[in-house]
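Enquirer: Okay, handing you the structure first.
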Amino acid sequence: MNWKALPGALMYEILSLPYKLEMLRQHLSAVGDNDFPPDFADFFWERQHGYACLARDVADLASRLRTNAGLPALAHSLGKWDRAKSIDERISALEHIRDSEPKPVTPFFPSIHDDPEKICAPGV
């Protein structure tokens, strides 16, 4: 493939996919090491959410590659499965699950999902 035929930003995103995957794997390893049995809820949520977000990035990238090459967008027939819509629905469902979980009154460690400014605020 002649990589110079692609715009720089598009080429950069394609070449950064292995890095994004490796960062996700490292993040999941850290979450798994610090999650608790019997259900390992944080690990499974992070894994599903992380791979769904990566899938959305790849689907967006594929769409931009088709546009750049002058290829038609994927046609979705009425009632047929739509990849992008399915991924977005899954991400929304996962985020709804996370947002609806009860929060501990006084967490021992700040959650990775909390606002970093609140965690680092003076006097907290």
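The values are calculated or read from the model by the stated rules, or taken from the named source; none is laboratory data. In this text, all values refer to a predicted model and were calculated from it rather than measured experimentally. Quick reminder, even Gly has a Cβ in these numbers, built from the backbone with ideal geometry, and neighbours come from all protein chains shown.
Enquirer: Give me the residue from the stretch 8-50 that is outside any helix (DSSP H, G or I) and not acidic (D, E) and, out of that set, farthest from E101 (Cα to Cα). Can you show your working first?
Expert: Taking the stretch 8-50 first, the residues outside any helix (DSSP H, G or I) are 16, 34-40.
From the residues that got through so far, the ones that are not acidic (D, E) too are 16, 34, 36-38, 40.
Working: S16: 33, N34: 19, F36: 16, P37: 18, P38: 17, F40: 15 Å.
Taking the candidates together, the pick is S16.
Enquirer: Can you say whether P104 is of a type outside the set (A, V, I, L, M, F, W, C), modelled with pLDDT under 90, more than 14 Å from the chain's Cα centre (by Cα) and within 30 Å of K4 (Cβ to Cβ), as far as the supplied structure shows?
Expert: Values: of a type outside the set (A, V, I, L, M, F, W, C): yes; modelled with pLDDT under 90: yes; more than 14 Å from the chain's Cα centre (by Cα): yes; within 30 Å of K4 (Cβ to Cβ): no.
Criteria not met by P104.
Enquirer: Here's another thing I want to ask about it. Residue check: is S92 over 14 Å from the mean Cα position of the chain (by Cα), outside any loop (DSSP other than H, G, I, E, B), exposed (fewer than 15 other Cβ atoms within 10 Å of the Cβ) and small (G, A, S)?
Expert: No: the conditions fail for S92.
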